[in-house]
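Could you have a look at this structure, given as structure tokens, before my questions?
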Amino acid sequence: MLSTFLSQIANGLVLGSLIALIALGYTMVYGIITLINFAHGEIFMVGAYGGLATLTYLMPTFIAQRWYYALPIVLVGGSLISVLVAVAMERFAYRPLRNAPRLAPLITALGVSVALQEAVRVFYPGATAAIPFPNLFVEGTWIIPIGDGVPIRYTGILLIVVSLVLAFGLERFIERTRMGRAMRATSQDRDVARLMGVDPDRIIVLTFAIGGALAGVAGVLYGSYLNNINIDMGFQNGIFAFTAAVLGGIGNIRGAVIGGLVIGLVKALGGQYLPGGTAYDYVWIFVVLIIVLVFRPQGFFGETERVRA
Amino acid sequence: MDRKRTVVATAALLAGALALTACSTNRTETGGASSGSSCDTSKGTLVVGFVAPLSGGLSALGLGMKNSADLAVNQANQACKVPGYKLALQAEDDQATAQIAGQAATKLASDPNVVGVIGTLNSSTAQSVAPILGQKKIVEISPANTNPSLTQGDNPASASRPNPTYFRVATTDAVQGPFAAQYLVDKAGKKNIAVIDDGKTYGAGLAAAFAAEAQKRGAKVVAQEKVGEKDTDFSGVISKIRPLNPDAVYYGGEYPVAGPLSKQLAAAGLNVPLMGGDGIQDETYVSLGGREGDLATSVGAPADQLPSAKAFIDAYSAAGYKEPYSTYGALTYDATNVLIQGLTTAVGSGTFSNTTRDALLTAVQDTNLDGASGKVSFDQYGDTTNKVLTIYSVQGGKFAPVESGEFQAS
């Protein structure tokens, strides 16, 4: 029984760190321009396809066969595509609406999301159905010898480690660097930041680029973990990531990570121990969300909403 | 300023609407080599409707079906099967979604030239399509729906036919699930079976029928779990069933879930075969992670081993379609031919009108056809009387037939 419990914890941590990685992009964009970027899930999807394209079309076989060469290149390729798409999205879809009512960019985000899905479906060869994605890391499963054994795939461990390292790095970047300070300033008050010599447009592009890069990395690691990708993957995981961001307190980096992990664990443990079994595991995620929002509307780490003059 | 903006918005909306209509008109041009045939087509064109997923995860099955229907229609045109008329296939994409399938059905039903509809692939889509077509007395013949309730209603104890214009040439899950159980328990000797399904009409029905028969045969169903049809990570379900030590997993659903599920089972150290129904019996299953030794049942005998299917396969490869005819190719070809044959009888030398629909319905009900998949005739519910099924197993990267047989209830 203990081994089952621990297996579910492991499953939850893998899923949770994936969601956390996507949620970081959601939360950063919201923090800076108070936009819920529903197309962010699609940036994650595009990253996975970009990574696969790098591997299939650009890489000679002798490199593709050695994971320690292939993995970094595919990660860079995937996140590069994601960054390009995210920056283009900001430039052409959101910037023209910078001063429009808040509903306009929100609906645009939904439109961008559908457009990106359809674009990949139409233009990526074979993307009308799920396509196989190779394992880019050490093949196989580590069975931790507790009880009956707790299996965890090496790609799952990679996913956990990479996402925690990136989240930690991101927090240091925002807390410690000049750019990070400019980001915080822009998020607090864009006009005053501009008076202090910060160019808000540059900072917003930077935010989209960082969020895109993280989503791209997440996309490639997801493909490598589950070994197939499809154009719907961004939608479902995007919704979870959005939930994670809200749960942790939208706009807060640490909150996004904790929110992601909570969602992963609730899904895994809820499917195991709560009534209804795995058929209802998604339901528990949203039950937790509702409970948290009733008692703490700003999420775990969120600040209470400031009323702007 | 405001007015200008409204004008622009309206123009954009109109353009969008136009683009949409343009996309969804998907009338397949029949012909090619046959277009120059010398048949008398003075009375006009009759439309054979077709509804199946032509995009999305199940498109491998749907496109094979569409090509097979197209082949039957082309051959009928060449042979002047319906005197005075040219037949045209109008294929609609239902994206395996009940609501979109309903829209496609409404569209087809509003066209007075649509004589019948071939489809759908999914039982869940048929549930919304069959009643819509039924209202207009349009015959629907499905090559692939296997859920029993479509023909026998929700209560199998007192069966009553809910859709009098609905027929199918595929056997139902009430036969397929038990057939799988007989093989897995009696022949393969599996006694601890975990059952998983996707909660859709097809998957849940199949899994329930399987579980009931497996228990009757002395196997223990150690777990009954559900997964989402769009799920990709099944680690939760797998961790749950792993300590129960199943020696086989039965999955009710389709290959987009079954393939990755099989792969993840092995990755978690649960190296037991996965078995499923006709929904997983497709080559894509293996490329998505299906393992050697995984099993599937499918309706009918394997097309490439039936002498009756040889003509179909030869014609299909001669026609040069891009996609393989896939699991339901031969059945779709038969379903289309049933409709065409019925049309020949019903129209005769007359003209097709709304009053011909009753005659067509009777003609289809009385079908007796030697098809590519075997003999085709229907019972009083619209179900096929041909209850031959086949067990397949993954060998060398593809599904190879293990054995075929007529289902015997016990």
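The values are calculated or read from the model by the stated rules, or taken from the named source; none is laboratory data. Predicted model only: the values in this text are computed from it and were never measured. Counting neighbours? That spans all protein chains shown, and the Cβs are built from the backbone with ideal geometry, glycine included. We work out accessible area using only protein heavy atoms, side chains counted, and drop any ligands, DNA or RNA first. Shrake-Rupley method; radii C 1.70, N 1.55, O 1.52, S 1.80 Å.
Quick test for you: out of B:Ala19, B:Ala33, B:Ala15, pick the one residue that is at pLDDT below 50 and away from chain A (no Cβ under 14 Å).
On the way: B:Ala19 fails: away from chain A (no Cβ under 14 Å); B:Ala15 fails: at pLDDT below 50.
The conditions single out B:Ala33.
Related question: Just to be sure before I move on: is A:Val138 more than 22 Å from A:Ile204 (Cα to Cα), in contact (Cβ under 8 Å) with a residue 24 or more places away in the chain, open to solvent by 40 Å² or more (accessible area, probe 1.4 Å) and away from chain B (no Cβ under 12 Å) in the structure I sent?
On the way: more than 22 Å from A:Ile204 (Cα to Cα): yes; in contact (Cβ under 8 Å) with a residue 24 or more places away in the chain: yes; open to solvent by 40 Å² or more (accessible area, probe 1.4 Å): yes; away from chain B (no Cβ under 12 Å): yes.
Here the answer is yes, as A:Val138 does meet what is asked.
I've got another one for you. Residue under question is B:Pro302, and the condition is that it be at pLDDT below 90, open to solvent by less than 30 Å² (accessible area, probe 1.4 Å), at negative phi and more than 14 Å from chain A (Cβ to nearest Cβ); does it hold? Spell out the reasoning first.
On the way: at pLDDT below 90: yes; open to solvent by less than 30 Å² (accessible area, probe 1.4 Å): yes; at negative phi: yes; more than 14 Å from chain A (Cβ to nearest Cβ): yes.
So B:Pro302 passes the test.
Each row is one residue, and each column tells you yes or no for (1) hydrophobic (A, V, I, L, M, F, W, C); (2) open to solvent by 50 Å² or more (accessible area, probe 1.4 Å); (3) farther than 30 Å from A:Pro151 by Cα; (4) at pLDDT 95 or above.
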residue: A:Leu35; (1), (2), (3), (4): yes, no, yes, no
residue: A:Glu42; (1), (2), (3), (4): no, no, yes, yes
residue: A:Ala64; (1), (2), (3), (4): yes, no, no, no
residue: A:Ser82; (1), (2), (3), (4): no, no, yes, yes
residue: A:Leu97; (1), (2), (3), (4): yes, no, yes, no
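Let me ask something else. Can you tell me which residues in the stretch B:36-91 are among the polar types (S, T, N, Q), within 14 Å of chain A (Cβ to nearest Cβ) and part of a strand (DSSP E or B)?
Within the stretch B:36-91, the subset among the polar types (S, T, N, Q) is B:37-38, B:41-42, B:45, B:55, B:59, B:67-68, B:74-75, B:77-78, B:90.
Pick out the ones that are also within 14 Å of chain A (Cβ to nearest Cβ) and you get B:55, B:59.
Scanning the stretch B:36-91 gives no hits.
Among the residues of the stretch B:58-87, which ones are touching a residue at least 60 places away in the same chain (Cβ under 8 Å) and among the aliphatic types (A, V, I, L, M)?
Correct list: B:Leu58, B:Ala60, B:Leu61, B:Leu63, B:Met65, B:Ala69, B:Leu71, B:Ala72, B:Val73, B:Ala76, B:Val82, B:Leu87.
Could you say which residue among A:Ala70, A:Ala88 is part of a helix (DSSP H, G or I) and modelled with pLDDT under 95?
Details: A:Ala88 fails: modelled with pLDDT under 95.
Testing whether each residue is part of a helix (DSSP H, G or I) and modelled with pLDDT under 95 leaves just A:Ala70.
Next question. Determine, yes or no, whether A:Asp201 is free of Cβ contacts under 8 Å to residues at least 12 places away in the same chain and either farther than 19 Å from A:Ala256 by Cα or buried (at least 20 other Cβ atoms within 10 Å of the Cβ) (or both).
Details: free of Cβ contacts under 8 Å to residues at least 12 places away in the same chain: no; either farther than 19 Å from A:Ala256 by Cα or buried (at least 20 other Cβ atoms within 10 Å of the Cβ) (or both): yes.
No; evaluated as a whole, the condition is false for this residue.
Somewhere in the stretch B:93-101, is a residue among the acidic types (Asp, Glu) and either at positive phi or modelled with pLDDT under 55 (or both)? Before you say what the answer is, go through the steps one by one.
Of the residues in the stretch B:93-101, the ones among the acidic types (Asp, Glu) are B:93-94.
Imposing the further condition that a residue be either at positive phi or modelled with pLDDT under 55 (or both) reduces the set to none.
For the stretch B:93-101, residues among the acidic types (Asp, Glu) and either at positive phi or modelled with pLDDT under 55 (or both): absent.
To keep it simple, each residue is scored yes or no on (1) within 30 Å of B:Pro401 (Cα to Cα); (2) buried (at least 24 other Cβ atoms within 10 Å of the Cβ); (3) at pLDDT 95 or above; (4) not basic (Lys, Arg).
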position	(1), (2), (3), (4)
B:Asp314	yes, no, no, yes
B:Ala319	yes, no, no, yes
B:Lys322	yes, no, no, no
B:Tyr325	yes, yes, no, yes
B:Tyr328	yes, yes, no, yes
B:Leu331	yes, yes, no, yes
B:Gln341	no, no, no, yes
B:Gly350	no, no, no, yes
B:Ser353	no, no, no, yes
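Here is a check on your reading of the model: is A:Phe44 within 14 Å of another protein chain (Cβ to nearest Cβ), in a helix (DSSP H, G or I) and closer than 25 Å to A:Asn230 by Cβ? Walk me through it before giving the result.
Numbers: within 14 Å of another protein chain (Cβ to nearest Cβ): yes; in a helix (DSSP H, G or I): yes; closer than 25 Å to A:Asn230 by Cβ: yes.
When the stated conditions are applied, A:Phe44 passes them.
Report the residue count in the stretch A:270-283 for those that are more than 15 Å from B:Asp231 (Cβ to Cβ), part of a helix (DSSP H, G or I) and more than 9 Å from chain B (Cβ to nearest Cβ).
Taking the stretch A:270-283 and keeping what is more than 15 Å from B:Asp231 (Cβ to Cβ), we get A:272-276.
Those still in the list that are part of a helix (DSSP H, G or I) too: A:272-273.
Then keep just the ones that are more than 9 Å from chain B (Cβ to nearest Cβ); that gives A:273.
Count: 1.
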